[in-house]
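The values are calculated or read from the model by the stated rules, or taken from the named source; none is laboratory data. As the structure is a prediction and not an experimental result, all values here were calculated from the model. Positions of Cβ are backbone-derived with ideal geometry, glycine not excepted, and every protein chain shown enters the neighbour counts. SASA here: full protein model, heavy atoms, side chains in, ligands and nucleic acids out. Shrake-Rupley method; radii C 1.70, N 1.55, O 1.52, S 1.80 Å.
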Amino acid sequence: MTLAAHVDTVDTEGLDNAIACLTAGARAWAATSLGERAQLIARTHASIARVADRWTRTAVDLKGLDPDSPAAGEEWLSGPYATLAGFATVAHSLEALARGASPIAPITPTTVPGGRLAWPVLPLHAREALLFHGFSAEVWTAPGVDEATVRADCGADARRTGYSGGVGLVLGAGNISSIGPLDVLTELVVHHRATILKINPTFANLLTVYRQALAPLIQADLVRVVQGGAAEGTYLSNHDGIAHVHITGSASTHDAIVWGRGADAEKRRRTNKPQLKKPITSELGGVAPVIVVPGRWSRSDLRFQAENVASMRLHNAGHNCCAAQIVVLDAGWPQREDFIKEMRRALSNIPARDPWYPGSQERLRDAELAHEGVEVCSTSGRLLVRVPAHDAAPVLTTEYFAPVLGVVELDGSGDQKTFLDRAVDYSNTELTGTLSANVLVAPADRRRLGASFQESIARLRYGAIAINTWTGLAFLAPTATWGAFPGHTLDDAQSGIGIVHNGLLFEHVERTVVTGPFRPFPRSVLRGELTLFPKPPWFVTARSAASTGRKLSGYASKPSWSKLPSIFASAFRA
């Protein structure tokens, strides 16, 4: 279909008017002081809080969930909670800049391998330390950038008043409901762009929720929320009034926007003449590994970590850009088969949930047909795929965006460091994408590896790395950054270009590293880990996830010490 044919089906007049209003809004934003910007973001935070219940009910309904089921907790955490936390953090950062202070002034970095600095961003205060007891997050800045430079440049883009970035287009994701609003926030505060948010057709029922949540920004002509499919996306992407495009989606969709389709697209690639005549940033997912460092694990450790991996894959029915897809094991690990058995058990016993994202059933069929010896682990079609180490299997390079979990076994020569080195090299070179990677390691084994463990983490070329937890925590933490490892280009975008979230407004970002406890409370304390955190609410096996997610969202709307006992009471029922 030609562009002209697409345009015939689009409300071009309505979109043109929206862009005209946003153009005026962007000019007004340029003249708005930092203090006034902080107040507007804070008012929007309050507006989001008022619609949090309706937001979650709508998301639960469109995904076909029981509102009292544990899966409903996913919608609280990945919808209102993440959005509220993100807007609150950015408002506080702008307030600091307005006072002439830095959002990272209280943070003391440490040195990590490769001339990098690690800036601890979770927890930042006593309430967070208690709420996320045992969990931490660090933003790692790029090699060779010293502390003084990072401090001086923090918030540099946000401080630049008097400048308008024009109007940006955000092509919203259709899987996680906080992505679009948080991308809009980054566009406005960091890049000074008013934004037209085109929501994915899967989220059409959220249109009025988004408009109510973002009402202060809409009233200021800084945001418009519209719906539509490829036709609207094509029209807006090529509109003269749009200065920049940001997309969260698949690499194939990104490439279709940038290069077009068919033979003409290949010619444009060869001649480096993109179809899209404006800048684009992106978050495009990938094939995320889980590297399992071999050790002597108890039966409870095997079961808990198998649930951890299953949750990384099955959260949101498997429709996440950071979902685990390849488990990397040491072929010589004596407990290898025991762990695979526990993963199989988890995939089979966790209550079935039908994939809801468009095209999922087709992708599941493709995965089953493309691999030998596939195990079907539930009535909803969850697949376990064992891949020979030297096989170029599609599961290594295709983001299935569905409940497909691959297992590959590497020769570690009976040595933890040798295995970890090989697993890092394998993940960096054989798997598509650089968005997220996960590493599981028992505390005693991490101590035994010493400095070499941190060196291995530094060698992983991923924008988010999780140690004993899931990179979904890096997405949820508003002070963390989210995006692919730096260095991708338009003709090899992989997991995307640029970062979002980044509530503390860091410059020179390379990655975020999050760490969690290897064992939940009380086993954690009994085995020497000083953490009081029970089974995390993002585990798909957390029975109280809906209640905990609701209470955490209430906390994010108005943080208070008085709300913590109720959150803990719910979390400990997981």
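Per-structure values
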item	result
Centroid-to-centroid separation of the stretch 498-544 and the stretch 416-439 [C-alpha atoms, Å]	20 Å
Degrees, to the nearest 10: 545-557 long Cα axis against longest axis of the chain	40 degrees
Accessible solvent surface per residue of the stretch 49-152, calculated while the other protein chains remain in place, 1.4 angstrom probe, Å²	39 Å²
Compactness of the stretch 390-528 - radius of gyration and Dmax, Cα, Å	16.1, 51
Extension reserve of the Arg336-Thr379 stretch, reckoned as 0.36 nm per residue once the Cα distance is removed	12.9 nm
Amide H partners (placed H, <5 Å) of Val327, local residues excluded	Val290, Gly406, Val407, Val408
Surface per residue (accessible, 1.4 Å probe) for the stretch 411-561, Å²	35 Å²
Over the stretch 1-91 - Rg/Rh using Cα atoms and the Kirkwood inverse-distance radius	1.13
Helix-only [θ]222 nm of the chain, DSSP H runs n ≥ 4, -39500 (n - 2.57) each, per residue, nearest 500	-12500 deg cm²/dmol
Extension reserve of the Leu369-Thr9 stretch, reckoned as 0.36 nm per residue once the Cα distance is removed	125.9 nm
Cα-only radius of gyration and Dmax that characterise the stretch 458-574, units Å	16.9, 51
Per-residue HN-Hα couplings for the stretch 370-387 [Karplus 6.51, -1.76, 1.60; θ = phi - 60°; Hz; x = Gly/Pro]	7, 10, 8, x, 6, 9, 8, 9, 6, 5, 8, x, 5, 10, 10, 10, 9, 10
Translational diffusion coefficient (Stokes-Einstein; Kirkwood radius from C-alpha pairs) of the stretch 109-155 at 37 °C, 0.692 mPa s, in µm²/s	282 µm²/s
Zero-based 5 Å bins, Cα pair distances in the stretch 202-257, whole percents	4, 15, 21, 24, 22, 11, 3
Mean projected area (nm²) of the alpha-carbon convex hull when the stretch 252-304 is viewed from all directions	6.6 nm²
Other-chain or far-sequence residues with amide H under 5 Å of Ala464's (modelled H)	Ser436, Ala437, Thr512
Cα radius of gyration and Dmax for the stretch 159-226 (Å)	11.7, 37
Carbon plus sulfur fraction of accessible area for the stretch 74-145, probe 1.4 Å, in percent	58 percent
Volume of the Cα convex hull of the stretch 403-471, divided per residue and given in Å³	99 Å³
Hull volume in cubic angstrom per residue (convex hull over the Cα atoms of the stretch 144-286)	155 Å³
Rough spin-label spacing in nm, given labels placed 7 Å along Cα→Cβ, for Lys273 and Leu530	6.4 nm
Cα convex hull volume per residue for the stretch 11-151 (Å³)	204 Å³
Hz values of 3J(HN,Hα) by residue in the stretch 23-32 - Karplus curve (6.51, -1.76, 1.60), Gly and Pro given as x	4, 5, x, 5, 5, 5, 4, 4, 8, 8
Tilt relative to the chain, helix 336-349 - C-alpha long axis, 0 to 90 degrees, to 10	50 degrees
Long-range HN-HN contacts of His246 with modeled amide H, under 5 Å	Leu169, Val170, Leu171, Thr281
Equivalent ellipsoid semi-axes, the stretch 470-535, via Cα gyration tensor eigenvalues times 5, rooted, Å	33, 13, 9
Local net charge near Gly373, Cβ-Cβ under 14 Å (Lys/Arg +1, Asp/Glu -1)	-3
Rounded to 10°, Cα long-axis angle of helix 262-271 versus longest principal axis of the chain	90 degrees
Around Thr489: net Lys/Arg minus Asp/Glu count, Cβ-Cβ under 13 Å	-2
The stretch 342-464: Cα Rg divided by the 2.2 N^0.38 Å rule of thumb	1.19
Packing-based order for 50-57, 486-493, using average beta carbon neighbours within 10 Å, highest first	50-57, 486-493
